[in-house]
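**Q** Attaching a single structure in structure tokens format; questions to follow.
The values are calculated or read from the model by the stated rules, or taken from the named source; none is laboratory data. Just so you know, these numbers come straight off a predicted model, no measurement behind them. Backbone-built Cβ (ideal geometry, glycine too); neighbour counts: all protein chains shown.
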């Protein structure tokens, strides 16, 4: 050691580890988008967006939500609920989900030809033999706000005098995307993730933990819903979240409320990490899957409570003016019918006091599982939130020497976190203990430490009852004023 003479300083690490920041309800949505409209066609790749304009630029937009399910979500999430960020994963591949359309006659109106939707302009247009029309000289083409391909005639070009023309093109076939492609997997030759398997790419790529997993339309398929549930239970091998899924609302499945519980049981929508929704909702002329709007609503409620998911989305307003089935026909639900669905672990919607609101606090496991930790949506989400927070906060201490200082540091740091939540009434109470009974000698010798986190999130006030009684003692007031 060098000889020293004077006053010096040194630093030691803080004994309390500050908690990391996580987004409790980050939506990760898997579906289809018209990416052929974009310069870069993103297929089976997580796309992080913060604004509506970003989503449209990255994935394209079409008003045909039955074919392009991610467009339904981006409109709901950014235009109606104005919540961000969100991660979207498109599985529609313009290179495989397509077909050639032969020459078709189109009329020219005001110098434009509307080819309709699903036209992949990047693949080029074809004309009758001998009609050598050139893009940039005779015509230009692009997409309008609804996703229609529009050909604009250039004045002075070879098409300027025409009243009609025959055009062939390549048509996108998003309707050919199968449930298996939504489920996805791992490509053997490249190791690339596809479909729902891409959820495991979200945290490594963006350092954001998936909180709510959705797939409008496709989650009505029990195979897709089962994989969504499995991903929610095991994200990157350590994190957990919730799958928000729909029960189909058509005559072939369940378009009457009494049919919904049977469908739910038969198709095994019965897990604690499933939020099961029925029916669809409508706003003006737009029809949404309830799961789509419920995700936006949960993000809204979370943001109003410091991004901590201890408040239920039930009895909070949706962006809707009616309940409908798949065909757009109105479904009438009163309080008794909505409560019946709730009693079977199904979230629905109700127009009773203050307007159209989400109605239901229970996850899919109810009524088979009544454990508050699993059966209540906000309680289940709080356990996921606190568990994910514990992981991200103390990951920096993995492989540190096992000492009393390390144990005290973890216990004291997370107790401060829980105390802060309790002070803000996000939990009723909580504590961390390093228990000798749970840390056996063989585990300690292998570098395994177990910390027991006790906590009690508040359950939703699902029933508030006033008890009224006639009290004859108040008859005496008749004499007090005489």
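**Q** Which residues, taken from the range 348-360, are without any contact (Cβ under 8 Å) to a residue 24 or more places away in the chain and over 22 Å from the mean Cα position of the chain (by Cα)?
**A** Once the filter is applied, which keeps residues that are without any contact (Cβ under 8 Å) to a residue 24 or more places away in the chain and over 22 Å from the mean Cα position of the chain (by Cα), the range 348-360 yields 351, 352, 353.
**Q** In addition: Would you be able to say whether some residue in the range 143-165 is touching a helix residue (DSSP H, G or I) at 6+ places or on another chain (Cβ under 6 Å), in a loop (DSSP other than H, G, I, E, B) and more than 23 Å from residue 246 (Cβ to Cβ)? Step through it out loud before you land on a result.
**A** Of all residues in the range 143-165, those touching a helix residue (DSSP H, G or I) at 6+ places or on another chain (Cβ under 6 Å) come to 143, 149.
From the residues that got through so far, the ones that are in a loop (DSSP other than H, G, I, E, B) too are none.
No, the range 143-165 contains no residue that is touching a helix residue (DSSP H, G or I) at 6+ places or on another chain (Cβ under 6 Å), in a loop (DSSP other than H, G, I, E, B) and more than 23 Å from residue 246 (Cβ to Cβ).
**Q** If you go through the range 236-282, how many residues are more than 15 Å from residue 338 (Cα to Cα) and not in a loop (DSSP other than H, G, I, E, B)?
**A** Number satisfying all stated conditions: 14.
**Q** Which pairs turn up if I take residues in the range 331-347 that are assigned by TED's automatic domain parsing to the domain that holds residue 243 and on the phi < 0 side of the Ramachandran plot and look for partners that are modelled with pLDDT of 95 or more and assigned to a loop (DSSP other than H, G, I, E, B) with beta carbon separation below 6 Å, at least 6 apart in sequence or on another chain?
**A** Between residues of the range 331-347 that are assigned by TED's automatic domain parsing to the domain that holds residue 243 and on the phi < 0 side of the Ramachandran plot and residues that are modelled with pLDDT of 95 or more and assigned to a loop (DSSP other than H, G, I, E, B), the close pairs are 331/279; 331/325; 342/360; 346/278; 347/360.
**Q** So is residue 48 modelled with pLDDT of 95 or more, within 20 Å of the chain's Cα centre (by Cα) and either buried (at least 20 other Cβ atoms within 10 Å of the Cβ) or in a loop (DSSP other than H, G, I, E, B) (or both) or not?
**A** When the stated conditions are applied, residue 48 does not pass them.
**Q** Go through the residues of the range 225-233 one by one and say whether even a single one is surrounded by fewer than 23 Cβ atoms within 10 Å (Cβ to Cβ), under 25 Å from residue 333 (Cα atoms) and out of contact with any helix residue (DSSP H, G or I) (no Cβ under 8 Å at 6 or more places or on another chain).
**A** no
**Q** Quick one: residue 201 ticks every box in (1) within 23 Å of residue 296 (Cα to Cα); (2) in contact with a helix residue (DSSP H, G or I) (Cβ under 9 Å, 6 or more places away or on another chain) bar one, so which box is it?
**A** If we test residue 201 against (1) within 23 Å of residue 296 (Cα to Cα); (2) in contact with a helix residue (DSSP H, G or I) (Cβ under 9 Å, 6 or more places away or on another chain), just (2) comes out false.
**Q** Any residue at all in the range 197-220 that is in a strand (DSSP E or B), assigned by TED's automatic domain parsing to the domain that holds residue 31 and more than 16 Å from the chain's Cα centre (by Cα)? First the steps, then the outcome.
**A** The initial filter retains those residues of the range 197-220 that are in a strand (DSSP E or B), namely 212-214.
Next, from what is left, pick out any that are assigned by TED's automatic domain parsing to the domain that holds residue 31: 212-214.
Checking which are more than 16 Å from the chain's Cα centre (by Cα) leaves us with none.
Scanning the range 197-220, I find no residue that is in a strand (DSSP E or B), assigned by TED's automatic domain parsing to the domain that holds residue 31 and more than 16 Å from the chain's Cα centre (by Cα), so the answer is no.
**Q** With respect to residue 427, is the statement that it is in contact with a strand residue (DSSP E or B) (Cβ under 8 Å, 6 or more places away or on another chain) and in a loop (DSSP other than H, G, I, E, B) true? So that I can check it myself, show each step before the final result.
**A** Values: in contact with a strand residue (DSSP E or B) (Cβ under 8 Å, 6 or more places away or on another chain): yes; in a loop (DSSP other than H, G, I, E, B): yes.
It is true that residue 427 is in contact with a strand residue (DSSP E or B) (Cβ under 8 Å, 6 or more places away or on another chain) and in a loop (DSSP other than H, G, I, E, B).
**Q** Within the range 72-80, is there a residue that is in a loop (DSSP other than H, G, I, E, B), touching a residue at least 40 places away in the same chain (Cβ under 8 Å) and surrounded by 19 or more Cβ atoms within 10 Å (Cβ to Cβ)?
**A** In the first step, residues of the range 72-80 are kept if they are in a loop (DSSP other than H, G, I, E, B); the result is none.
Taking every residue of the range 72-80 in turn, none turns out to be in a loop (DSSP other than H, G, I, E, B), touching a residue at least 40 places away in the same chain (Cβ under 8 Å) and surrounded by 19 or more Cβ atoms within 10 Å (Cβ to Cβ).
Quick grid of which residues meet (1) out of contact with any helix residue (DSSP H, G or I) (no Cβ under 6 Å at 6 or more places or on another chain); (2) outside any strand (DSSP E or B); (3) buried (at least 16 other Cβ atoms within 10 Å of the Cβ); (4) outside the structural domain of residue 445 (by TED's automatic domain parsing):
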{"residue": "366", "(1), (2), (3), (4)": "no, yes, yes, yes"}
{"residue": "370", "(1), (2), (3), (4)": "yes, yes, no, yes"}
{"residue": "382", "(1), (2), (3), (4)": "yes, yes, yes, yes"}
{"residue": "385", "(1), (2), (3), (4)": "yes, yes, yes, yes"}
{"residue": "390", "(1), (2), (3), (4)": "yes, yes, yes, yes"}
{"residue": "405", "(1), (2), (3), (4)": "yes, yes, no, no"}
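**Q** Return yes or no: is residue 300 touching a strand residue (DSSP E or B) at 6+ places or on another chain (Cβ under 8 Å) and in contact (Cβ under 8 Å) with a residue 24 or more places away in the chain? So that I can check it myself, show each step before the final result.
**A** Details: touching a strand residue (DSSP E or B) at 6+ places or on another chain (Cβ under 8 Å): no; in contact (Cβ under 8 Å) with a residue 24 or more places away in the chain: yes.
Against the criterion (touching a strand residue (DSSP E or B) at 6+ places or on another chain (Cβ under 8 Å) and in contact (Cβ under 8 Å) with a residue 24 or more places away in the chain), residue 300 does not qualify.
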